[in-house]
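One structure is given here, and the rest of the page talks about it.
The values are calculated or read from the model by the stated rules, or taken from the named source; none is laboratory data. Since the model is a prediction, treat every value here as computed from it, not as a measurement. The area values use the complete protein model at the heavy-atom level, side chains included, leaving out ligands, DNA and RNA. Shrake-Rupley method; radii C 1.70, N 1.55, O 1.52, S 1.80 Å.
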Amino acid sequence: MVFHIIMMKKSSMEQMPIVTTHSAAIDVGSKNHDVAVGQDVAQEVRAFGLYSKDHRAMIAPFNEQGMTCIVMESTGSYWQPLFGALQQVEFEVLFSMSAKTEVKDWVWMQQLPSLG
């Protein structure tokens, strides 16, 4: 099991080169999980439900797009079932401790593992 906690300021990332684009970010919530994939701030953030069938629907495109690393942010215990589902398909899972409030912050969170 790979489990990391990341704490990094956005300003320190501005000059860092992208190492890999095969990562995604998940904002884990009590009502839905919001997912960002890609480096574009204008990208669509997709919402998924909380159940196993929703986790499978979320994970399938990750596999199709060659994702290797998933960054999760959660303030409650809702991350646990999703974490187990991601570990079953052998993704590296990172946890971000951020105080994000905007969609563009999900893109920032997704960029963390892209920097190496």
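Listing for the model above:
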| read-out | value |
| --- | --- |
| Residue within region 46-61 that is at pLDDT below 85 and hydrophobic (A, V, I, L, M, F, W, C) present | no |
| Of all residues making up region 14-42, the number that are modelled with pLDDT under 85, open to solvent by 30 Å² or more (accessible area, probe 1.4 Å) and among the polar types (S, T, N, Q) | 4 |
| Filtered residue count, region 69-99, keeping only those that are open to solvent by 80 Å² or more (accessible area, probe 1.4 Å) and in a loop (DSSP other than H, G, I, E, B) | 5 |
